[in-house]
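Visitor: One structure follows; several queries about it will come next.
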Amino acid sequence: MFTLKIENAKGEIIDLSSNSNYSVVGISGLNPPTSTMSTASITTNDGSILNNARIESRNLVFNIILEGNIESARINLYKYFRVKQKCKIYYKNGSRDVYIEGYVENFEDDFFAQRQEVQISVMCYQPFFNAAQDLVIDLSVILAAFEFPFDIASTGKEFSTIDRTYECLLINEGEVDNGLIIEMRATGTVKNPIIYNSDTREFIGLNYTMAKSDLITINTNPGEKSVILTRNGIESNLINYLKKDSSWLKSYSGDNLYTYTCEDDSSDFLNIKFIHTHQYLGV
């Protein structure tokens with residue numbers, strides 16, 4: 001059994017797997033996408049060497065039989081599969097709950113067939129399936145410290161405390177080495193924060209002093225790379241403040257151990273959250 005839902009650019013969603021007006025009889029493109037390899041021959045050796053390999057865009061093709069009021073069902077589908085417009089495809093089976101975004105390439109229907117079957121092609125230029133739920137790891141957890149019954153001394157009573165750790169073990173359960181989002185929020189003055197991958201020794205750091213309540217969001221995902229400061233509701237680009245030799249940190253498939261430091265012993269005033277989306281080659 002599977003669940004198939006389509007979301008159009010307006011955020012409207014249709015469930016095609018439990019809709020009496022539609023019977024989904026085929027979906028191609030759910031397997032791992034094709035790779036293109038560039039090779040070079042060496043005159044003194046047999047065979048060739050691999051120069052480069054890349055994964056091509058994914059083409060999803062849906063075959064759907066129209067049921068009931070055929071004309072009404074077909075016209076309703078136009079609303080979710082509009083040619084050249086973006087759509088979001090949610091797919092769930094017994095093992096994976098994922099989504100992928102693409103653009104509708106064409107919508108074909110044989111109007112004079114006894115049983116009309118439409119074929120819809122969607123091009124997904126980012127070819128990986130994304131896990132429906134993000135993995136979120138917060139290195140600063142608030143622990144409740146207020147209990148009933150209570151007795152408040154003259155010195156006061158703590159309502160909560162912050163349990164802070166300086167290492168993050170992020171397990172990428174996907175099949176793709178991809179990026180992540182790092183949110184850094186200052187509870188005081190924070191000077192020149194640096195985040196490391198303890199295994200690879202790669203790092204990304206800023207030559208910047210954060211003020212209390214500043215939020216810096218670092219996105220290392222391909223095609224989305226950015227460093228944005230949010231202060232008093234106003235966003236600013238901090239990409240020019242990156243430290244020399246900084247890398248756009250990756251989340252490699254498997255275990256990833258991250259840690260962070262700040263100058264002038266200001267690490268205690270920094271709360272960090274890691275947000276990662278597992279990506280898959282196929283379902």
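The values are calculated or read from the model by the stated rules, or taken from the named source; none is laboratory data. Model, not experiment: these values are computed from the prediction. We place every Cβ from the backbone using ideal geometry, glycine too, and count neighbours over all the protein chains shown. Quick note on the areas: whole protein, heavy atoms, side chains included, nothing else; ligands and nucleic acids left out. Shrake-Rupley method; radii C 1.70, N 1.55, O 1.52, S 1.80 Å.
Visitor: Which members of segment 83-95 meet the condition of being in contact (Cβ under 8 Å) with a residue 60 or more places away in the chain and either touching a helix residue (DSSP H, G or I) at 6+ places or on another chain (Cβ under 7 Å) or part of a loop (DSSP other than H, G, I, E, B) (or both)? Let's see the steps before the verdict.
Guide: At the first step, the residues of segment 83-95 found to be in contact (Cβ under 8 Å) with a residue 60 or more places away in the chain are 85-95.
Listed by number, the residues that qualify are GLN85, ASN93, GLY94, SER95.
Visitor: Determine which member of the set GLU108, GLU7 is without any contact (Cβ under 8 Å) to a residue 60 or more places away in the chain and not polar (S, T, N, Q). First the steps, then the outcome.
Guide: Values: GLU7 fails: without any contact (Cβ under 8 Å) to a residue 60 or more places away in the chain.
Only one candidate passes the filter, namely GLU108.
Visitor: Right, next: For segment 108-125, name all the residues that are over 21 Å from ILE55 (Cα atoms) and crowded, with 17+ Cβ neighbours inside 10 Å. So that I can check it myself, show each step before the final result.
Guide: First, pick out the residues of segment 108-125 that are over 21 Å from ILE55 (Cα atoms): 108-120.
Hits for segment 108-125 are GLN116, VAL118, ILE120.
Here's the yes/no breakdown for (1) assigned to a strand (DSSP E or B); (2) within 29 Å of SER213 (Cβ to Cβ); (3) open to solvent by 20 Å² or more (accessible area, probe 1.4 Å); (4) modelled with pLDDT of 95 or more:
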residue: SER246; (1), (2), (3), (4): no, yes, yes, yes
residue: TYR260; (1), (2), (3), (4): yes, yes, no, no
residue: ASP265; (1), (2), (3), (4): no, yes, yes, no
residue: ASP268; (1), (2), (3), (4): no, yes, yes, no
residue: ASN271; (1), (2), (3), (4): yes, yes, yes, no
residue: VAL283; (1), (2), (3), (4): no, no, yes, no
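Visitor: Got a sec? Which of ASN271, ASN256, ASN240 is polar (S, T, N, Q) and touching a His at 6+ places or on another chain (Cβ under 9 Å)?
Guide: Values: ASN271 fails: touching a His at 6+ places or on another chain (Cβ under 9 Å); ASN240 fails: touching a His at 6+ places or on another chain (Cβ under 9 Å).
Just one listed residue meets the conditions, ASN256.
Visitor: Another question, if that's okay. Looking at the structure I just gave you, is SER226 among the small types (Gly, Ala, Ser), in contact (Cβ under 8 Å) with a residue 12 or more places away in the chain and over 15 Å from SER267 (Cα atoms)?
Guide: On the way: among the small types (Gly, Ala, Ser): yes; in contact (Cβ under 8 Å) with a residue 12 or more places away in the chain: yes; over 15 Å from SER267 (Cα atoms): yes.
Considered against the rule, which asks whether it is among the small types (Gly, Ala, Ser), in contact (Cβ under 8 Å) with a residue 12 or more places away in the chain and over 15 Å from SER267 (Cα atoms), SER226 comes out as yes.
Visitor: In segment 96-120, what count of residues is obtained for those that are in a strand (DSSP E or B) and either under 14 Å from LEU30 (Cβ atoms) or within 20 Å of the chain's Cα centre (by Cα) (or both)?
Guide: Residues meeting the conditions: 7.
Visitor: Now for a separate question. Tally up the residues in segment 68-78 that are in a loop (DSSP other than H, G, I, E, B) and either among the polar types (S, T, N, Q) or modelled with pLDDT of 95 or more (or both), please.
Guide: The total comes to 1.
Visitor: Quick check: is even one residue across segment 213-229 part of a strand (DSSP E or B), basic (Lys, Arg), open to solvent by 10 Å² or more (accessible area, probe 1.4 Å) and within 28 Å of ALA131 (Cβ to Cβ)? Don't jump to the end; show me each part of the working.
Guide: In the first step, residues of segment 213-229 are kept if they are part of a strand (DSSP E or B); the result is 215-219, 226-229.
So of that shortlist, the ones also basic (Lys, Arg) come out as none.
Checked segment 213-229: no residue is part of a strand (DSSP E or B), basic (Lys, Arg), open to solvent by 10 Å² or more (accessible area, probe 1.4 Å) and within 28 Å of ALA131 (Cβ to Cβ).
Visitor: Please list, ordered by first then second residue, the pairs with beta carbon atoms under 9 Å, 6 or more apart or interchain, first in segment 10-21 and open to solvent by 40 Å² or more (accessible area, probe 1.4 Å), second assigned to a loop (DSSP other than H, G, I, E, B) and of a type in the set (A, V, I, L, M, F, W, C).
Guide: Correct list of pairs: SER17/MET1; SER17/PHE2.
Visitor: For a quick check of your reading of the model, give me the residue pairs whose first member lies in segment 173-195 and is under 10 Å from SER266 (Cβ atoms), whose second is open to solvent by 10 Å² or more (accessible area, probe 1.4 Å) and of a type in the set (Asp, Glu), with beta-carbon atoms closer than 8 Å and at least 6 apart or on different chains.
Guide: These pairs meet every condition: GLY188/ASP268; LYS191/GLU263; LYS191/ASP264; ASN192/GLU263.
Visitor: Are any residues in segment 26-54 within 30 Å of VAL104 (Cβ to Cβ), open to solvent by less than 60 Å² (accessible area, probe 1.4 Å) and either touching a helix residue (DSSP H, G or I) at 6+ places or on another chain (Cβ under 8 Å) or among the aliphatic types (A, V, I, L, M) (or both), and if so, which ones?
Guide: Residues satisfying the conditions are ILE27, LEU30, ALA53.
Visitor: Hey, could you check segment 178-191 for residues that are more than 21 Å from the chain's Cα centre (by Cα) and open to solvent by less than 20 Å² (accessible area, probe 1.4 Å) and say which is nearest to ASP214 (Cα to Cα)?
Guide: ALA186
Visitor: Is there any pair linking a residue in segment 57-82 that is open to solvent by less than 50 Å² (accessible area, probe 1.4 Å) to one that is among the charged types (D, E, K, R) and assigned to a helix (DSSP H, G or I), with Cβ under 9 Å and at least six apart or on different chains, and which?
Guide: Correct list of pairs: LEU66/ARG74.
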